[in-house]
Structure formats: C-alpha cells, structure tokens
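Following: one structure in structure tokens, then a few remarks.
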Amino acid sequence: MGRAEHVLVTVYWHGRTTRDVDAGRVWAPSRSAQPLRNRGIGVTDVFRAGDELPGGIRAFQTARKAEVVYWLPEQGAVAVGDVLLGSPLRLCPASWLGKQTHDDLRASLRPLLELPVERVLVSHGEPVLRDGHAALAAVL
C-alpha cells in the first residue's frame, strides 16, 4: 500500500486498520485517542469536533461519545464509522449506543443535513454514492 499523509480515525474500534496504512500522521478525536494508544496505535494528532483538520475536513460529534463523522467537502461526502450502516442506509443498532438512544443519535447527526451531501461513505455495508442528502434525511 502507498503512503498516506493523513489518516483520520472515526472511532477507536476502527483503529486496527491504521496498521495497514503507511501513515505520516494519525488523527483521532480526543475521546478515542487513549483507547487507540492502549491498542498500540500511534496517534500523532488529537482533536475535538469543530477543530481545523487537514484538507478542510470537518468533524461532527455523534451521540456515541468516542465517535465522530467527517465531512469531506471536496468529495461532497460524509464518512462514518459505526453510527450509520449501509445497504440500505440506517442507524446502528441501539445496543451500540450505550446510554444514548436513537433519538439522541438522530439529533447529533442532523447538522449534516445543512451540508450538500452527495455521498455517504460507511464502514459497514454499501455506500450511498448518489443523493446522499436524501438518504440521510430519510434516516434522520
């Protein structure tokens, strides 16, 4: 695999895949940084939702305390870890939310509806490659 200048982790459960990438910098949300380090992942940059990220990427906090979703403006895409699943697009199981509810999750993701989303890139299932905004609106 080639070298990636930046790798951004959505949630610490997905940190294991950073080992497959020759990354210059590994970015992680503050609530995932220590769990990633505990798993042997070398986090170089810790951030909070709203901080400036490389390439104009924006991180949005979700109702899952250690998970963020990313807005990739150049691609018109939202990249998610576990809070949304594909095939078809849907919310993750309520059991994955801890003390939070699906209503809490929907509320945390609603700011995404203010973006011109064309694609929703999911970690589990098929991505939404067209009309991402409509797919998100239907779920939220």
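What follows draws every value from the coordinates through simple rules; no lab data is involved. Just so you know, these numbers come straight off a predicted model, no measurement behind them. Here Cβ is always computed from backbone atoms with ideal geometry, including for glycine, and neighbour counts include all displayed protein chains.
A compact table of results
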read-out: Extension gain from Asn38 to Gln75, taking 0.36 nm per residue of separation minus the Cα-Cα distance; value: 10.1 nm
read-out: Amide H within-cut-off set for Ser123, under 5 Å, with H built and near neighbours excluded; value: Val80
read-out: Antiparallel DSSP beta bridges within the stretch 3-139, as percent of all bridges there, nearest 5; value: 50
read-out: Estimated 222 nm signal from helices in the chain, with DSSP H stretches of n ≥ 4 weighted -39500 (n - 2.57), rounded to 500; value: -5000 deg cm²/dmol
read-out: DSSP-loop GluC sites (Glu not before Pro) across the stretch 70-123, with at most 12 other Cβ within 10 angstrom; value: Glu74
read-out: Viscosity 0.890 mPa s, temperature 25 °C, Stokes-Einstein D of the chain from Kirkwood C-alpha radius, µm²/s; value: 161
read-out: Relative contact order of the chain, defined on C-alpha pairs under 8 angstrom at six or more residues apart (%); value: 18
read-out: Packing-based exposure ordering (other Cβ within 10 Å, fewest first) of Arg110, Arg119; value: Arg110, Arg119
